[in-house]
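Below is one structure, written out as structure tokens; the observations come after it.
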Amino acid sequence: MQEITLGRSSLKTSRLAYGTWRIAGSWDPAAVTAKARNTGVQTLIAAYESGFTLFDLADIYCGGVSEEIMGQTLRRVNGMRARVVLATKCGIRAANDSEKGAPYRYDFSAAHIIDACEHSLGRLGVEHVDLFQLHRPDYLMDPQEVAQAFATLEASGKVRHFGVSNFRPSQVTLLQSALKAPLLVNQVEISLAKLDCLEDGTLDQCLTEGMTPMAWSPLGGGHLGEGVRKVLPSQENYRIGGVKRQLDILAREMGTSRWLVALAWLLKHPAGIVPIIGTTRTDRIHELAAVEDIQLTREQWYQLLTSARRQDLP
Ligand SMILES: NC(=O)c1ccc[n+]([C@@H]2O[C@H](COP(=O)([O-])OP(=O)(O)OC[C@H]3O[C@@H](n4cnc5c(N)ncnc54)[C@H](OP(=O)(O)O)[C@@H]3O)[C@@H](O)[C@H]2O)c1
């Protein structure tokens with residue numbers, strides 16, 4: 001797999017990231033069996049052996065079980081930790097987390113950021129993470145307080161670099177103004193089912209600032225593939241019939257699969273979008289190698305954009 005540099009850093013990673021949201025096979029930690037954990041480990045090994053070196057995690061993925069499965073994998077595969085970039089996230093807190101009756105909420109207090117990082121390190125069984133991302137903007141974000149937490153984590157050697165997720169450009173600018181080091185990534189939803197970031201300034205800012213945009217749910221949670229297993233409530237009503245037909249036409253012409261064309265569409269953008277691959281099937285992980293051979297023309301790219309917009313360009 002091709003290699004890229006993440007943001008304005010010297011961190012080298014694979015062109016595609018592997019996302020661990022679904023690797024436990026459930027989002028309920030109580031439902032995860034030892035067999036399911038082992039399947040998760042095998043999936044991560046397949047991704048690593050296929051050339052993925054960037055792994056996206058979060059403290060909330062299956063209540064921490066995804067991080068534990070990553071930890072199991074790192075212990076099982078000799079030399080893997082040194083060769084991969086571990087990117088995890090914090091800042092979303094489940095209902096009843098820390099106190100009974102507490103609502104589901106966002107928390108960028110310094111105490112929570114530091115505490116969350118230490119727990120992630122424990123579950124992963126590592127000394128540091130390479131990239132620590134704030135998961136969703138906290139309405140009460142105090143940039144100075146976040147900067148203080150980041151400085152503490154960096155000084156203690158627990159985190160190498162920082163990034164954000166689901167931030168609007170103005171929120172990136174605000175937080176960056178309090179930080180010494182550049183934020184490396186903004187992890188946002190981008191796909192032919194979700195075009196907002198192409199039009200709201202997110203990708204423009206990434207190009208201006210040299211940040212890497214990481215695309216979550218690059219297949220709209222499965223809508224652009226063979227169908228969804230489970231998606232976020234915001235993804236339930238995606239209307240993608242037209243763009244799916246257009247993807248099928250191009251895929252047939254090129255002798256490839258619809259989902260690979262959908263990923264190639266992201267790869268063509270000059271901002272250097274890094275799709276975060278979410279499939280848990282090893283056959284699909286292996287099939288991904290072919291995506292780098294798909295070079296869409298400007299005309300094909302625009303055909304897909306126009307189908308996805310469901311209206312002609314102005
Ligand atoms: N920062 C955030 O707020 C945020 C939010 C959501 C996700 N994420 C990150 O983004 C990653 C990817 O998200 P995602 O899982 O929603 O990505 P996705 O690639 O859009 O969807 C993957 C899902 O589509 C299914 N699928 C159906 N047909 C497929 C095909 N032909 N090829 C591949 N997959 C197909 C997969 O099922 P099979 O497993 O059966 O293949 C899987 O359930 C997550 O793991 C996580 O790391 C971040």
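Side notes on the structure shown:
- Cβ-Cβ under 9 Å pairs, at least 6 apart or on other chains, region 1-15 side in a loop (DSSP other than H, G, I, E, B), far side modelled with pLDDT of 95 or more and aromatic (Phe, Trp, Tyr): Met1/Phe52
- If you filter region 19-67 down to residues that are charged (D, E, K, R) and farther than 26 Å from Val164 by Cα, you find that the one that is most open to solvent (accessible area, probe 1.4 Å) is Lys35.
- Within region 217-235, the set of residues being within 18 Å of Leu195 (Cβ to Cβ), part of a helix (DSSP H, G or I), more than 6 Å from the ligand (Cβ to nearest atom) and open to solvent by 10 Å² or more (accessible area, probe 1.4 Å) comprises just one member, Ser234.
- Criterion violated by Thr208 - all others in (1) within 8 Å of the ligand (Cβ to nearest atom); (2) farther than 24 Å from Ser26 by Cα satisfied: (1)
- For the residues Arg123, Arg160, Arg168, the requirement of being of a type in the set (Lys, Arg), open to solvent by 10 Å² or more (accessible area, probe 1.4 Å) and under 19 Å from Arg93 (Cβ atoms) singles out Arg123.
- Any hit, region 124-135, residues being in contact with a Leu (Cβ under 9 Å, 6 or more places away or on another chain) and within 21 Å of Thr39 (Cα to Cα): yes
- Sole exception among (1) farther than 26 Å from Tyr238 by Cα; (2) buried (at least 17 other Cβ atoms within 10 Å of the Cβ) for Thr212, by number: (1)
- Lone unmet requirement of (1) of a type in the set (S, T, N, Q); (2) surrounded by 14 or more Cβ atoms within 10 Å (Cβ to Cβ); (3) farther than 30 Å from Ala24 by Cα for Gln295: (2)
- Of the residues in region 68-77, at least one is among the charged types (D, E, K, R), free of Cβ contacts under 8 Å to residues at least 60 places away in the same chain, crowded, with 20+ Cβ neighbours inside 10 Å and part of a helix (DSSP H, G or I).
Results for (1) of a type outside the set (Gly, Ala, Ser); (2) away from the ligand (no atom under 16 Å from the Cβ); (3) part of a loop (DSSP other than H, G, I, E, B); (4) within 19 Å of Ala58 (Cβ to Cβ), shown as yes or no for each residue.
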residue: Glu127; (1), (2), (3), (4): yes, yes, yes, no
residue: Phe132; (1), (2), (3), (4): yes, no, no, yes
residue: Leu140; (1), (2), (3), (4): yes, yes, yes, no
residue: Ala149; (1), (2), (3), (4): no, yes, no, yes
residue: Glu154; (1), (2), (3), (4): yes, yes, no, no
residue: Phe162; (1), (2), (3), (4): yes, no, no, yes
residue: Leu179; (1), (2), (3), (4): yes, yes, yes, no
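The values are calculated or read from the model by the stated rules, or taken from the named source; none is laboratory data. Here the structure is a predicted model, which means the values were calculated and not measured. Cβ sites come from the backbone with ideal geometry, for glycine too, and all protein chains shown count toward neighbours. Each accessible area value is taken on the protein alone, full model and side chains, heavy atoms only, with ligands, DNA and RNA left out. Shrake-Rupley method; radii C 1.70, N 1.55, O 1.52, S 1.80 Å.
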